[in-house]
Structure formats: C-alpha cells, structure tokens
Amino acid sequence: MSGILDTVNQRTQLVGQNRLELLTFRLMRKQRYGINVFKVKEVLQCPKLTSMPNLHPLVKGVAHIRGQTISVIDMSLATGGLPITDPENRFIIISEFNRSTQGFLVGSVERIVNMHWEAILPPPEGTGSSNYLTAVTEIEGELVEILDVEKILNKISPVNEDISEEVLANKPVFEEGSSDPTTVLVADDSSVARRQVKRAVESIGYNVVLAHDGRDALGKLQGMAAEDTIGDLALVISDIEMPEMDGYTLTTEIKKDPNLKDIHVVLHSSLSGVFNEAMVQRVGADAFIPKFDPDELGEAVMNAVKGKKGQEN
C-alpha cells in the first residue's frame, strides 16, 4: 500500500499522450474497478467514520483528514451492491471531482496500471441507461469497469443545472437568415455531464450535437468539414477523460487539421489544478472550465462566439 501512496502524485506525466494510469480496486464482489490516478489525491486505510444526522444513505459517514472534513461514500452501495462491511479494515480513495473532495470507501485497493486511452472502451451495448459505467477495459484477461463517478455524485448531491436570469439576459438573438454559427458540439463520456452541458447550452439558444468520446467527436467534426457545414459550428466543448481518445488528444487533432484548426475548443473537466492548466495551453485549447457551473459555462460559450466574431470583423 505504501508503494501506491508514494507514487500517486508522480503519475501524471502521461496525460496529454492519450495515456493514463488506472488505480484498480474491488468492492464487495469480485469485480475489478479502475479510477484515473490523476483524480486520486490519496489512498488511506479507512479512518474512524463519524455518523451525522441527515446524511445521504450512500454516505457511510464523515472523516477528519488533514484538517478537512470529508464525506465518505460507500461505492458498493452506490452502484447497487451490498454495503461495505467492517470499514475499519477497508480503504478510502480520496479524490477530487467537480470542485469538491470526497472519499470513496472500497473493499480493497490493488495497483496502478499504465494504459492507453484506445484500450479504454465505451460500455457494451445492452448495459442500459441505469448502469454506473463510463467505460471498460481489459487487464490481464479480466474485465475492469470504470465507474461514472459524476453520475454517483449527482445522485447524492445534485448540482444546479440552470443558468441564472442575469446571464440569460445577455444571450444572443439569432436573426432569420443570419450566417451566425448556432451549433455547439459537446463531447463527454458521462451521460449526466452530457445532459447538464446540453441543457445549459440550449438554454442560451444554441443547437447541440453530442459525442460520446473524443474519437466520436473528431469523426463528427470531419464529417461536418466534408459536408461543408463546419461554418455552422460555434465551438467544441470537450471533457478531458474519455475512452478511446481523450480531450487533450482530440484538441491536438483538431488544431493540426487544416479544415478544423480554427475551431474554438473549450475543455470542460472535473480534473483541475495548475498541471491541467499547463496541459490546456500545451495542446492549444482556447479555454478551460472546471465542471460544473452553468453560469460559467454559458458565459464561456457566449464569450467564445463574441471573440470569433471580433476576429472575423
């Protein structure tokens, strides 16, 4: 375990090369799961948990760690399994998602595995919309499931998805026959995130094209270019972590394609930090927004379109 703890903070150099490293773990059943190491702040033997009134049923309790009070979520219960027993003999993965820090109570933690995003695949067809998978992969002949953590967190503490009236007051008005671009392409592997972004973007008057990952998004953009409809596109909003092709690689591919290079790309991710800001600049993205603030997202879309018009004029 000490080896995992010692290396978690040293494992981010592969980001931007369409590679990642997964921390693998198990819950109360034999199934193996993975989480991107870049989202892991720390792995600990589960400390004493304190129960508090009105906690969500999926929250096992709160822990006091390094001066911070952190909610600890029973990941087995959250994904439809049996609750994790004897937490004092289990582990918590301290992770940062969507501007908040939380602990995920898991049965056991295994090791870190170096992966290529092309080996991370969308969930198999037939898994249904109620599953908590965002991707799957195979490690040593064993299926490893990557959980849609955003979906789990939204179930526990739903975020506000509505843009404020103050921001909506500045939304553009599209005149009939205008050549203004009115379409935004949104790429995200999380069904919850896609719905949130789609709702926000449509509320300010834009049409939305959805893509499930970077490869899907790139194919849709190349198709638009081939059909000479790329001028209808206002911008691309892309997650960073996605199966098959991550957002960094998608941005790189867009910027090196002569037919796509002028597209405004906003990376919208639950990943955060100085390192990520540097990566955004390195791959040529035009902006980065941490998930999920509807006002911030709406303003970013409107500012991107205003900036594009300013350059054209």
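The values are calculated or read from the model by the stated rules, or taken from the named source; none is laboratory data. Computed from a predicted structure; not experimentally measured. Don't worry about glycine lacking a Cβ; one is built from the backbone with ideal geometry, like all the others, and counts go over all protein chains shown. These area figures cover heavy atoms from the full protein model, side chains too; ligands, DNA and RNA do not enter into them. Shrake-Rupley method; radii C 1.70, N 1.55, O 1.52, S 1.80 Å.
The residues in segment 74-100 that are touching a helix residue (DSSP H, G or I) at 6+ places or on another chain (Cβ under 7 Å), open to solvent by 30 Å² or more (accessible area, probe 1.4 Å) and at negative phi can be counted, and the count is 3. State whether the residues of segment 10-32 include one that is of a type outside the set (A, V, I, L, M, F, W, C), touching a helix residue (DSSP H, G or I) at 6+ places or on another chain (Cβ under 9 Å), at pLDDT 90 or above and crowded, with 18+ Cβ neighbours inside 10 Å. No; the residues of segment 10-32 include none that is of a type outside the set (A, V, I, L, M, F, W, C), touching a helix residue (DSSP H, G or I) at 6+ places or on another chain (Cβ under 9 Å), at pLDDT 90 or above and crowded, with 18+ Cβ neighbours inside 10 Å. The single residue among PHE275, PHE292 that is open to solvent by 30 Å² or more (accessible area, probe 1.4 Å), modelled with pLDDT under 90 and of a type in the set (Phe, Trp, Tyr) turns out to be PHE275. Annotation: ALA226 fulfils all but one of (1) over 20 Å from VAL283 (Cβ atoms); (2) in contact with a helix residue (DSSP H, G or I) (Cβ under 6 Å, 6 or more places away or on another chain); (3) free of Cβ contacts under 8 Å to residues at least 40 places away in the same chain; the unmet one is (2). Residues that are within 15 Å of SER270 (Cβ to Cβ) and of a type in the set (Val, Ile, Thr) within segment 100-155 comprise THR101, THR134, ILE146, VAL149, ILE152, listed in sequence order. For segment 84-95, what are the residues that are touching a Ser or Thr at 6+ places or on another chain (Cβ under 7 Å) and part of a loop (DSSP other than H, G, I, E, B)? Passing the criteria: only ILE84. Among the residues of segment 64-89, the one identified as within 24 Å of the chain's Cα centre (by Cα) and acidic (Asp, Glu) is ASP74.
Within segment 147-176, no residue that is at positive phi sits with its Cβ atom under 7 Å from a residue that is in a helix (DSSP H, G or I) at 6+ positions apart or across chains.
Looking at segment 220-232, is at least one residue open to solvent by less than 20 Å² (accessible area, probe 1.4 Å), touching a Ser or Thr at 6+ places or on another chain (Cβ under 9 Å) and of a type in the set (Ser, Thr, Tyr)? No; the residues of segment 220-232 include none that is open to solvent by less than 20 Å² (accessible area, probe 1.4 Å), touching a Ser or Thr at 6+ places or on another chain (Cβ under 9 Å) and of a type in the set (Ser, Thr, Tyr).
Identification of strands (runs of 3 or more DSSP E) wholly contained in segment 34-83 with 3 or more residues that are closer than 28 Å to VAL136 by Cα and at pLDDT 90 or above yields 40-45, 68-74. All of (1) at pLDDT 90 or above; (2) more than 18 Å from the chain's Cα centre (by Cα); (3) polar (S, T, N, Q) hold for GLN196 with one exception: (2).
Pairs linking a residue in segment 62-88 that is more than 18 Å from VAL149 (Cβ to Cβ) to a residue that is open to solvent by less than 20 Å² (accessible area, probe 1.4 Å) and among the charged types (D, E, K, R), with Cβ atoms under 9 Å and 6 or more positions apart or on different chains, are PRO83/ASP74; PRO87/ASP74. Checking every residue in segment 181-197 against the condition of being open to solvent by 40 Å² or more (accessible area, probe 1.4 Å), free of Cβ contacts under 8 Å to residues at least 40 places away in the same chain and farther than 15 Å from TYR33 by Cα gives at least one match.
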